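See below for the structure under consideration.
Every number here is computed from the coordinates shown, using simple stated rules; none is lab data. Predicted model only: the values in this text are computed from it and were never measured. Positions of Cβ are backbone-derived with ideal geometry, glycine not excepted, and every protein chain shown enters the neighbour counts.
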Amino acid sequence: MTGIGPRLREERTRLKLSQSALGAVGGVETNAQGNYESGARSPKTDYLLRILGAGVDINYVLTGSRQNESGASVIRSTESEPAQAEHLDKVTHQLHRNLHGLIDALYQMTLLIELRASDTEDDAVKKELGAIRTEAQELAQASVRLIFVTSRLA
C-alpha cells in the first residue's frame, strides 16, 4: 500500500472502526474521512493528533513503517552510554516541544489564510494564499512525521 490514504484505511480497518467512527474521533465528517482514505484530500495535523488517541499508528500512516510489535524503540542506547542517552532524551523532548509549537502556529496560520482568502475577490491573491496554506500544511505534516520518528529514539 502506498500513500497516506490507503494506510489510513488499513489502520481504520485494523481497529475495526467505521469511517464515521474514526471521522468522529478525528473531528471530521464521514465524507472528509472518505476523502482522506481515497487520497482526494490530505488530513490536517490536528486530525492526525486526535486519531492517535484511537490507537491509530500515525507513524505507519505517515511513513509506511511500523515499530516492532512490542512498541519498543528502534534505536536503543547501551548501558555504557547513560550520559549520551540522557542527552538524547533531553534534546528529543526539546525538539518535540518546539515542533508542537510550530504545528500549532502553522494550524493557526492556515485558519487565518482561509479567512483572508474568503474575504478577497482577487484571484492572484487567492492563488498565492492557497500556495502558502499548502506549504504550511506540508510543513506541519513533516513536523508530525518527525515527532513520531524521533519518539522511537527515546
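Quick notes
- Calculated P(r) of the chain - Cα pairs past 28 Å, %: 30
- Full extension of the chain between Glu29 and Thr120 gives 30.0 nm of extra length, using 0.36 nm per residue less the Cα-Cα distance.
- Among Leu129, Pro6, Leu106 - extreme Cα towards positive end, dipole of the chain, charges at beta-carbon: Pro6
- Pair Ala83, Lys127: separation of 7 Å Cα→Cβ label points (nm): 5.8
- Its Cα gyration tensor gives segment 82-150 an equivalent ellipsoid, and the semi-axes of that ellipsoid, as √(5λ) in whole Å with the largest first, are 35, 10, 6.
- Along the chain, longest interval not containing exposed GluC sites (Glu not before Pro), exposed being DSSP loop plus at most 16 other Cβ atoms within 10 Å: 80-120
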